[in-house]
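Note sheet for the following structure.
The values are calculated or read from the model by the stated rules, or taken from the named source; none is laboratory data. Remember, it's a predicted structure, so these values are computed and weren't measured experimentally. We place every Cβ from the backbone using ideal geometry, glycine too, and count neighbours over all the protein chains shown. Ligands, DNA and RNA are excluded from the accessible area calculation, which covers all protein heavy atoms including side chains. Shrake-Rupley method; radii C 1.70, N 1.55, O 1.52, S 1.80 Å.
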Amino acid sequence: MSIKVFETKEVQDLLNAAVNRDGEGGNPRLKQIVHRLLSDLFKTIDDLDVTPDEVWAGVNYLNKLGRDGEAGLLAPGIGLERFLDIRMDAADKAAGIEGGTPRTIEGPLYVVGAPVTNGVAKLDKDPDADAGPLVIRGAVRNSNGEPVAGATVECWHANSKGFYSHFDPTGAQSDFNLRGAVKTDANGRYEFHTLMPVGYGCPPHGATLQLLHTLGRHGNRPAHVHFFVTAEGCRKLTTQFNIEGDPLIWDDFAYATREELIASVSEKTGGAALGLKADAYKEIEFDIVLTPLVQGKDNQVVQRLRASVAA
Ligand code: MBD
Ligand code: FE
């Protein structure tokens, strides 16, 4: 069928009416964005001759996505969150900002308000028989290579099942298990004592995995650890490392892997003296370089609705 109605006055008037384009009230920015999104949707329907059945399947999908609470999970899955990083990387490049630890996506599983300690934090509150001890340590430096004392390094990751506390479908984990924040010491150093994570997989019956499967994709991530790093005079860094050797390192459904963010693991002994659950443990060194404020401002603080324990 070659029915094309998008360019007609009737359809253009409909698009303008739908966002109250010329009327009083409402938010002009939202009008602009919704007008463009609706226009692109209508044009897609015209161009690809999308059938009414297909449109209603899509509407139904959005209802399921909302019921499952997975819009924040679909966003990285369809590359939307990665796309925002690509744009921020390009903005930094255009502004001549370089040299910091690369950013990569926050993802939907952060919880506000993890406990903060000085220098070192033990993140594993709950026992996890299938996870061995892991020490994550490193230094925070500024773009001059100087250690940053008093920086806050916040960290969160999954357990041996790939589940995050607060979002664990089995309900097994305590609040803030495998989550915590450390203030760096006088040498800019931080250290987390924790347990080795396993990669996350999307909920098996959720809307995100449904779409990914329909695209012939999977919904799994390699083992990884998330960070927020903040310090006086520096821009907030949102990043992660992915752990070397995971077969999904370059097949992450959320597209968060970056060459510079692949952590290598060393085998250590002496864990008993550190209070770890076994003497043999794994260690990841992850040094972090922050970039300075831009004209006194942090242009990296992203506002989004984040989970909290009380809510
Ligand atoms: C995760 O653990 C994650 O980091 C992202 C981006 C999406 C889903 C689960
Ligand atoms: Fe994650």
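Numbers for the structure displayed
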quantity: Residue in the stretch 74-97 that is among the acidic types (Asp, Glu) and not assigned by TED's automatic domain parsing to the domain that holds Asn220 present; calculated: no
quantity: Hits in the stretch 250-299 - residues which are in contact (Cβ under 8 Å) with a residue 60 or more places away in the chain, assigned to a helix (DSSP H, G or I) and open to solvent by 80 Å² or more (accessible area, probe 1.4 Å); calculated: Glu260
quantity: Strands (runs of 3 or more DSSP E) wholly inside the stretch 155-244 that include at least 1 residues being in contact (Cβ under 8 Å) with a residue 12 or more places away in the chain and closer than 22 Å to Arg82 by Cβ; calculated: 224-230, 237-243
quantity: Cβ pairs under 8 Å, 6+ apart, first in the stretch 119-144 and open to solvent by 30 Å² or more (accessible area, probe 1.4 Å), second part of a loop (DSSP other than H, G, I, E, B) and aromatic (Phe, Trp, Tyr); calculated: Lys125/Phe176; Arg137/Phe286
quantity: Matching residues, the stretch 69-85, being farther than 16 Å from Asn299 by Cβ and either hydrophobic (A, V, I, L, M, F, W, C) or more than 13 Å from ligand 1 (Cβ to nearest atom) (or both); calculated: Ala71, Leu73, Leu74, Ala75, Ile78, Leu80, Phe83
quantity: Those helices (runs of 4 or more DSSP H) lying entirely in the stretch 1-102 with at least 2 residues of a type in the set (Phe, Trp, Tyr); calculated: 52-67
quantity: Positions within the stretch 91-111 being within 16 Å of ligand 2 (Cβ to nearest atom) and among the hydrophobic types (A, V, I, L, M, F, W, C), in sequence order; calculated: Ile105, Leu109, Val111
quantity: Residues located in the stretch 37-74, provided they are surrounded by fewer than 15 Cβ atoms within 10 Å (Cβ to Cβ), of a type in the set (S, T, N, Q) and over 27 Å from the mean Cα position of the chain (by Cα); calculated: Thr44, Thr51
